[in-house]
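The values are calculated or read from the model by the stated rules, or taken from the named source; none is laboratory data. These numbers were taken from a predicted model, which means no experiment stands behind them. Because the Cβ atoms are built from the backbone with ideal geometry, glycine has one as well, and the counts that use them run over all protein chains shown. These area figures cover heavy atoms from the full protein model, side chains too; ligands, DNA and RNA do not enter into them. Shrake-Rupley method; radii C 1.70, N 1.55, O 1.52, S 1.80 Å.
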Amino acid sequence: MSRNLYIAAAEKEAGKSMIVLGVMDFLSRHIKKVGFFRPIVGSAQKTDNHIDLIQKRYNLNCSYEEMYGLTVSEMIDFINEEDVEAIQQKILEKYKLLEKKCDFVLVEGSDFRDHLSAYEFNFNLRVANNLGCPIIGVVSGLDKSVSEISYSLQIMRGVMDSEKCTSVGMVVNRANASSIKEIKKILEKHKKDDEIDFAIPEISSLQNITMRQVKQVLGAKHIYGSLESLDYEVTDFKVGAMNLDDFIQHTKQGSLVITPADRVDILMGIGMTIISGEFPKIAGVLLTGEYKANRFVVKLLDSFKKLPLAILKTDMGTFEAATKVNQILPLLKAENQRRIATALGHFEENVNLIELGNKISISRTNIRTPLMFEYELFERAKANRKHIVLPEGTDDRVLKAADILVRRNVVEITLLGDEKEIIKKAMALRVKLDGINIIDPYDNDLINEYAAEYYRIRKHKGITKEAAKDLMHDLSYLGTMMVHKGHADGMVSGAAHTTLHTIRPSFEFVKTKPGVSIVSSSFFMCLEDKVLVYGDCAVNPNPNAEQLADIAISSADTAKMFGIEPRIAMLSYSTGTSGKGTDVDKVRAATEIVKQRRPDFKIEGPIQYDAAIDASVARTKLPDSEVAGKATVFIFPDLNTGNNTYKAVQRSANAIAIGPVLQGLNKPVNDLSRGCLVADIVNTVVITAIQAQEN
């Protein structure tokens, strides 16, 4: 079984970083201790960009020093001393130290620079052989004809054969989309029996630089705009040297404007185009020269509630700054979640991950890290894409989450809200609405149908036809009715509305599943090496024994739905028969009800938290229990206990809490916290899609 893999490009600008990110993402889902190594980096002081990306995204427990072999200057010293073998020896020594700490190591070959370019691919192949790594070779398809790609592949295979390398396969990356079928035929024709080969088309958005890169490369100051504005993508740059009216006509979506700092007219004109919403949204402004930026202009822009714009300042002259910007190469950065989502979605769409896993002999671990769990959720959602409605379509976080979900091709999304406002906000946030549906609650063809249905269901409660129609203009009622009528498979709301506002319509006409008396919630608590289910931590303040049993059964079914074997711990302040009192009697009664209704579930109660989760405590308190010490579903006796416990574990154990997940409804409707992050919305939508699949 291979414990490593080497990814090497045969030429520059092959898009190797996307391949590395995709493979690393795949490895990290199946293996707990994955390492990352580069044989050559530019500097010991300035962190290599690719190491920085992988280390931050996957929280690798390795220092920067451990993750590379040599710096460029160290390599040149060995070459000057005519001790080329020492280069390979040093790289091997450093690699072996890292390998001892890891179950698997992904190695990314060196980049094409002046110090290696003449024989770089051969150098990487020798490194791979010395480290005992099988290789994936990457060929660039950029600006190449099919015959040129075929020739490049033949050369690469010939070199690999001459070096007697173990080839996993070939990837033709950044190819012309119209040539993919022909390229796949060539790969199939020439591949060896035990190889896997892939062709990946070019995706232009990954070739854009960002304002953050401009800032870092030029050493510029960020004098205006949010931190998020530094992630705005730059599609081109324009030098502001002409009159304002002529200049504005030449800008387009994503332009970087480079202009002397004393051009107040340009700066003010750009600000006004953004405020108006009628012009393309530029990425940002780079002010040049030794002039100071006009503080009154910046203050004036600031008064417009922080415009979606990044303004940088450098002392360089305009020509020098423009030249340097033109030389910046695009990078994947851990901070830019949207770009990473695009890269991973594109990789997964074009690479058969099952074949890849089989080829590099990955054995599945019983450990479930948060990343593994989230990946499993995404894969299940993508396997049978569902339609999820998001009523809070004008919320910035919801728009960003929708963008990520569509980029990852996970679900179909419908946003509710004023269409013009949604489009305006999306443009300001640089969010693409391609493939996303928008329904305006005051301008659609569904209101009359929905109002009639609501009137039919609720007329016995005294609702009038006029009131029914008014309610269908409410975003929560409109979204829930879409789910009820089957026009959407699930709904996620609550980023800007209360829990009651989100779930009340569900109680009125979605209703609970047969045999379920109460709607409850559960959280997925993603710890370092496992995922637990906590219920109910969000909905029911003080359930009685019958309701507590319902919560336990619903939570266990939720666990089972998401691949977690349910072992239910009915929590109390005492374990077994030792405790007495109203509270513990309630838990004891609920436990018996679950045993009668669902004899297929393993359950223990009453039981204390430490006995439920800690095997050593369990051996003392309940040595014969099938649940004690290995519980996966934790049922709290009341909301006060559950809510405080999940938050304590989340903060003190650095756990990721996904939820609350509403359970017991006929169709999936899920509530968000008003303090939710974009990642929380993404995860909740994916969970809702899986619930819809199960229904």
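Observations on the model:
- Every residue from the range 56-90 that is outside any helix (DSSP H, G or I) and closer than 17 Å to Q45 by Cα: C62, S63, Y64, Y68, G69, L70, T71
- Restricting the range 261-278 to residues that are part of a loop (DSSP other than H, G, I, E, B) and either in contact with a Lys or Arg (Cβ under 8 Å, 6 or more places away or on another chain) or modelled with pLDDT under 80 (or both) leaves a set whose member that is farthest from A220 (Cα to Cα) is E278.
- Residues (assigned to a loop (DSSP other than H, G, I, E, B) and within 15 Å of F524 (Cβ to Cβ)) located in the range 624-635: A631, T632
- Test: L206 is open to solvent by less than 70 Å² (accessible area, probe 1.4 Å), among the aliphatic types (A, V, I, L, M) and within 30 Å of D315 (Cα to Cα): yes
- Number of residues in the range 436-447 that are surrounded by fewer than 12 Cβ atoms within 10 Å (Cβ to Cβ) and over 14 Å from D418 (Cβ atoms) equals 1.
- Flag: A310 does not match the condition of being under 17 Å from G219 (Cβ atoms), open to solvent by less than 10 Å² (accessible area, probe 1.4 Å), in contact (Cβ under 8 Å) with a residue 40 or more places away in the chain and more than 30 Å from the chain's Cα centre (by Cα).
- Members of the range 294-342 found to be part of a loop (DSSP other than H, G, I, E, B), of a type in the set (S, T, Y) and modelled with pLDDT of 90 or more, listed by number: T314
- Qualifying residue in the range 52-66 (condition: within 22 Å of the chain's Cα centre (by Cα), among the polar types (S, T, N, Q), modelled with pLDDT under 90 and open to solvent by 20 Å² or more (accessible area, probe 1.4 Å)): yes
- Strands (runs of 3 or more DSSP E) (entirely within the range 221-260) containing at least 1 residues that are open to solvent by 40 Å² or more (accessible area, probe 1.4 Å) and in contact (Cβ under 8 Å) with a residue 40 or more places away in the chain: 221-224, 236-239
- Test: residue in the range 597-613 that is in contact with a Ser or Thr (Cβ under 9 Å, 6 or more places away or on another chain) and open to solvent by 90 Å² or more (accessible area, probe 1.4 Å): no
- The range 565-596: number of residues that are open to solvent by less than 60 Å² (accessible area, probe 1.4 Å) and either touching a Cys at 6+ places or on another chain (Cβ under 9 Å) or over 20 Å from D536 (Cβ atoms) (or both): 5
- Criterion violated by S652 - all others in (1) open to solvent by 60 Å² or more (accessible area, probe 1.4 Å); (2) under 19 Å from the mean Cα position of the chain (by Cα) satisfied: (2)
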